[in-house]
């Protein structure tokens, strides 16, 4: 009888099943770029492979032009975003999946009159830590973001700019 050996490594029993929910106790939600971002899975939970972030983006919300040295994928669960990728602008609505290759300049904005709901996967992880470092903590994903003064908005931009390199990100626009 032939012995079959696998080309796969053994099961890593130190890694466990994770079931994440945006409304779970301890879920970390922060206000970033006008929206509510909830970290569902961290790099620590995925063995350093990826992170997963739930995004509620209000009308007018979205990040400025930026780039980073990791791949980013958005699944548009509801609503529509206007996405600018390397200077070309397109729309992505409910059911669309958008892949942003590492290092490509991009931004998105919710230009509709209703919230957009996105699921964002970053591989490798780290973006979740950037959001937690620059965002304003929210009690829950449904909590309204704080009303910030112009000085507070400038401080958030300055903080993001100061931390961007540490999180493999370059902010290219206001």
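The values are calculated or read from the model by the stated rules, or taken from the named source; none is laboratory data. These numbers were taken from a predicted model, which means no experiment stands behind them. Cβ atoms come from the backbone with ideal geometry, glycine included; neighbour counts cover every protein chain shown.
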Inset, instruction - Would you tally the residues in the range 158-174 being touching a strand residue (DSSP E or B) at 6+ places or on another chain (Cβ under 7 Å), surrounded by 14 or more Cβ atoms within 10 Å (Cβ to Cβ) and part of a helix (DSSP H, G or I)? - result: 2
Inset, instruction - Tell me which residues, restricted to the range 144-157, are surrounded by 11 or more Cβ atoms within 10 Å (Cβ to Cβ) and either out of contact with any strand residue (DSSP E or B) (no Cβ under 7 Å at 6 or more places or on another chain) or part of a helix (DSSP H, G or I) (or both). - result: 148, 152, 154, 155, 156, 157
Legend entry - Residue identified as within 25 Å of residue 112 (Cβ to Cβ), out of contact with any helix residue (DSSP H, G or I) (no Cβ under 6 Å at 6 or more places or on another chain) and exposed (fewer than 15 other Cβ atoms within 10 Å of the Cβ) among 64, 58: 64
Inset, instruction - Determine, yes or no, whether residue 35 is at pLDDT below 95, under 14 Å from residue 120 (Cα atoms) and in contact with a strand residue (DSSP E or B) (Cβ under 8 Å, 6 or more places away or on another chain). - result: yes
